[in-house]
1. Ignoring ligands, DNA and RNA, please state the percent of accessible area on the range 313-463 from carbon and sulfur, probe 1.4 Å.
2. Once you list every other residue whose beta carbon is under 15 Å from the beta carbon of Met291, what net charge do they have if Lys and Arg are +1 and Asp and Glu are -1?
3. Hey, can you find the accessible area per residue of the range 280-390 for me, probe 1.4 Å, expressed in square angstrom?
4. Take the alpha-carbon positions of the range 213-328, form their convex hull, and give its projected area averaged over all directions (one quarter of the hull surface) in nm².
5. Order 253-263, 59-69, 156-166 from most to least packed using the mean count of other Cβ atoms within 10 Å.
6. Debye sum, Cα scatterers, the range 144-255, no solvent: what log₁₀ I/I(0) at q = 0.14, 0.20, 0.21 1/Å?
7. Going through the range 311-416, which chymotrypsin sites (Phe, Trp or Tyr not before Pro) have at most 15 other Cβ atoms within 10 Å and a DSSP loop state?
8. Which percent of the accessible heavy-atom area of the range 202-244 goes to carbon and sulfur, probe 1.4 angstrom?
Amino acid sequence: MEMDELHSSIASYLPDRYLITFSPGMPIFSKEDMQSRGFSDIKQISYFFHEWMHYLHNVSTVHGISSFSSLVETWSAFRWTTDDQGMSSGRIDHDTPDLFRVGELMSLMAAARTNGRGKLPKGTHPDNVEVDGYSHKDAKIEGGASNLLLSIWYSNSIGDRNKLEVMFGPGEILESVAYMLEKRFLDRLAQEEPDAVEVVPYHLLTVFARHAAPSMSEDDVLFCALTSLQCTDPVNFLTKLLLSCETIDESNGARTERIRKSAIDQIQYAEGVVSQWLIRMEQMFPKDEPMALAVREAVAYMRGNLKIRATHPFFEIDMIEEMYAKGAEGFGDLMNDLMKKHGMCSGKQESFGSPDEVQKDMLFDFAAVGRDQDLTNGRRIMQASFDFIFRHFSVEGGFVSTSDARKGKCPFYTSCDLPPRISLPENCKSQPWMALQSNPEELCWYAEGVLKLKPGPVANIVP
């Protein structure tokens, strides 16, 4: 297995569903006694830290909040297409603003999340890669994310040189930033290097920065990238910031101060529109029922994190320094405190076994946030409801009917043991929404997620 595949297979994060999955190769949760085993070494801690950074950037940056807000808006629009069982006709028959915004919202989400385009040969070392030039690919829609098309020279171990075009977008920034923070974490806590990973996407930020701003330090490139995530078009903002900072004298700290001021200014600039997004999401979920609690919990973390960023724009660095002071042995207690303050997603522990084995894997919530059963259920229902609408996205930028929805396993297929999973596993494996018809008296998380999409007062549709 190549090293980048190893890294991604140990742990992974699902954006906007707020879920970190741990592979059988990283058993931190025991299925036998339903207890946390914790992390076995500093490398495992670093894998988790990398994935938690992705979650943190979902709930503490303008880019992440914009993506989640677009998803919730799309969820709201989808409800115009459904019947009283949450099944969709694929059409919005009412003359509402939602009718005209669906394609726009889908474009915003796609541009914010796409990455991994234009892979270099496996094993290419980042030092053997250089950018020859680049062109700007404008966002398809106002307020969306643009990309750069990088023209890259790369060489192999014997010096053969080849050229390739690689796309550099928000996804590559997010992955590069998480890797750079993981690298900093390992260096501070253990003076170790992270495992080797591929250039795309993990090193693409530093490769591009070497071309655009060759005198910039790795720290300043990281700070510029974190700053760029405080807008809806990170690549365009990052490019301009790198070019402008390259002209500043680096000897007296003026460059770092300029980046910090840019971050604070950008957060303040976006404050008004982000506040509107957060208020609108809260208004869509006014009732104290599980999914509403989960959405409002996420919104509360977003609001609190941005308030902290307004004065400490790079608080990830402060976290690493706190972890260094506590040491690896103090990581657990400190991480619980950080989760309470900044937020935590759910966890899924995969185990070895047949992919069709009932309850092969375990879903869990970390101790700091897993004490409220309504919230726990709400997170699962939210994940299911979002999964259901994603299956209805069409390539043209609209919805398809439920009869044409994309088939596939329920997100809880390997971790559920409810009656529908036992008696009708074929539905859970291909059409999990059928659980609503097969056992209406005992609703599973997926069935409840579908029911949340029926028309009615569960969510307020604010014009």
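1. Details: 3450 of 6620 Å².
That fraction is 52 percent.
2. Details: positive: Arg17, Arg79, Lys287, Arg296, Arg379, Arg380, Lys452, Lys454; negative: Asp16, Glu282, Asp288, Glu289, Glu297, Asp372, Asp374, Asp387, Glu448.
Within the 15 Å Cβ shell, the charges total -1.
3. Details: 4440 Å² over 111 residues.
Counting only protein heavy atoms, the per-residue value for the range 280-390 is 40 Å².
4. Values: hull surface 38.4 nm².
With every direction weighted equally, the projected area is 9.6 nm².
5. Details: 253-263: 17.2, 59-69: 23.9, 156-166: 11.5.
Packing proxy ranking, top to bottom: 59-69, 253-263, 156-166.
6. Scattering profile of the range 144-255, log10 relative to I(0): -0.62, -1.14, -1.21.
7. On the way: sites: Phe314, Phe315, Tyr324, Phe331, Phe352, Phe364, Phe366, Phe386, Phe388, Phe390, Phe393, Phe399, Phe412, Tyr413; in loops: Phe314, Phe352, Phe366, Phe412, Tyr413.
Those that pass, being in a loop and sparsely packed, are Phe352.
8. On the way: 660 of 1160 Å².
The value for the range 202-244 is 57 percent carbon and sulfur by accessible area.
The values are calculated or read from the model by the stated rules, or taken from the named source; none is laboratory data. Note that the structure is predicted; figures quoted are calculated from it, not measured. Note that each Cβ is placed from the backbone with ideal geometry, even for glycine, and that neighbours are counted across all protein chains shown. Calculation scope for accessible area: heavy atoms of the full protein, side chains included, ligands and nucleic acids excluded. Shrake-Rupley method; radii C 1.70, N 1.55, O 1.52, S 1.80 Å.
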